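Everything below concerns the one structure shown next.
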Amino acid sequence: MTFSQNERAALVSAARAAGPDAPTLCEGWTVRDLLAHLVLRESLRVDATAGIFVPKLAAHSERLRLRVVARDWETLLDTVASGPAWYSPFALVDRSANLVEMFVHTEDIARAQPGFQPRTISQGLRKALVRPLRTLGSVSLKRTPGDVSLVTPQGETVARGGSGGEPVSVIGEVEELLLFAFGREPANITLDGTASALIGVAQAKRGL
């Protein structure tokens, strides 16, 4: 199995353990809402997401989302577990397009539950997450004040971004840096910089 497939299985397992009405780190979304999002994403229905960008289509997009949300819980789980159809572009680029999506949303579910305990991240998965973090890190940090560097505990700068200003280092394992860059809290990271710069980074909106 690929790392992307492993993360998909981990996501379904986390969702099943939490239950459909459990919270997630995605504000306002339950686990059921999150699974519906994944189903719509891989269905390639352009009209399902068009409402985000075209206000006149918002009501239509919401109706489509609610239809998926209303599906039987086991059906939702099975649909996500089976992944995109063979003819979907998401199937062709599964290793790159779905790895981050599945990893982040697995953590969205797990970290929102009471008594959360971090899972063990293999060195293989950690290495696989480096490339997308390098690619997406600067984009996700573009609205963050300061000159922000994402740095591993070994001192490697994986990505840099920010809107300019005082330097700030965000230090953590690759998976934690990825979650931080996507605006997820809590992320197990350490910030290094001046007090004013740290406040700006901590309060900034991050993500794609």
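Go through segment 23-45 and count every residue that is in a helix (DSSP H, G or I) and either of a type outside the set (D, E, K, R) or in contact with a Phe, Trp or Tyr (Cβ under 6 Å, 6 or more places away or on another chain) (or both).
Our first condition is that a residue be in a helix (DSSP H, G or I); within segment 23-45, this holds for 31-43.
In the following step, the residues that additionally are either of a type outside the set (D, E, K, R) or in contact with a Phe, Trp or Tyr (Cβ under 6 Å, 6 or more places away or on another chain) (or both) were identified as 31, 34-40, 42-43.
Qualifying residue count, segment 23-45: 10.
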Here the qualifying pairs (Cβ atoms under 6 Å; residues six or more apart or on different chains; first in segment 68-96 and in contact (Cβ under 8 Å) with a residue 40 or more places away in the chain; second acidic (D, E)) come out as P84/E42; F90/E42
Tell me, yes or no, whether segment 128-137 has at least one residue that is surrounded by fewer than 19 Cβ atoms within 10 Å (Cβ to Cβ), touching a Pro at 6+ places or on another chain (Cβ under 9 Å) and not in a loop (DSSP other than H, G, I, E, B).
-> no
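Here is a list: A159, A85, A181, A128. Which entry is among the small types (G, A, S) and in the same structural domain as H37 (by TED's automatic domain parsing)?
Working: A159 fails: in the same structural domain as H37 (by TED's automatic domain parsing); A181 fails: in the same structural domain as H37 (by TED's automatic domain parsing); A128 fails: in the same structural domain as H37 (by TED's automatic domain parsing).
Only one candidate passes the filter, namely A85.
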Is there a residue being surrounded by 14 or more Cβ atoms within 10 Å (Cβ to Cβ), among the hydroxyl-bearing types (S, T, Y) and not in a helix (DSSP H, G or I) anywhere in segment 194-204? no
Counting only residues in segment 155-179 that are under 18 Å from A128 (Cβ atoms) and of a type in the set (A, V, I, L, M, F, W, C), the one surrounded by the most Cβ atoms within 10 Å (Cβ to Cβ) is identified as L178
Checked V174, V170 against criteria (under 12 Å from T144 (Cβ atoms) and assigned by TED's automatic domain parsing to the domain that holds S138); the one match is V170
Result of the Cβ filter at 7 Å on segment 190-208, keeping first residues that are under 13 Å from T144 (Cβ atoms) and partners that are aliphatic (A, V, I, L, M) and in a loop (DSSP other than H, G, I, E, B), at least 6 apart or interchain, is R206/L141
Here the residues within segment 137-172 that are hydrophobic (A, V, I, L, M, F, W, C) and more than 20 Å from A202 (Cβ to Cβ) are none
| message | Among the residues of segment 149-172, are any touching a residue at least 60 places away in the same chain (Cβ under 8 Å), of a type in the set (S, T, N, Q) and either touching a Leu at 6+ places or on another chain (Cβ under 7 Å) or part of a loop (DSSP other than H, G, I, E, B) (or both)? | response | no
Based on what the data block shows, is P20 surrounded by 13 or more Cβ atoms within 10 Å (Cβ to Cβ), over 15 Å from the mean Cα position of the chain (by Cα), modelled with pLDDT of 95 or more and not in a helix (DSSP H, G or I)? yes
Here is a check on your reading of the model: is A112 farther than 24 Å from K205 by Cβ and of a type in the set (G, A, S)? no
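The values are calculated or read from the model by the stated rules, or taken from the named source; none is laboratory data. In this text, all values refer to a predicted model and were calculated from it rather than measured experimentally. Backbone-built Cβ (ideal geometry, glycine too); neighbour counts: all protein chains shown.
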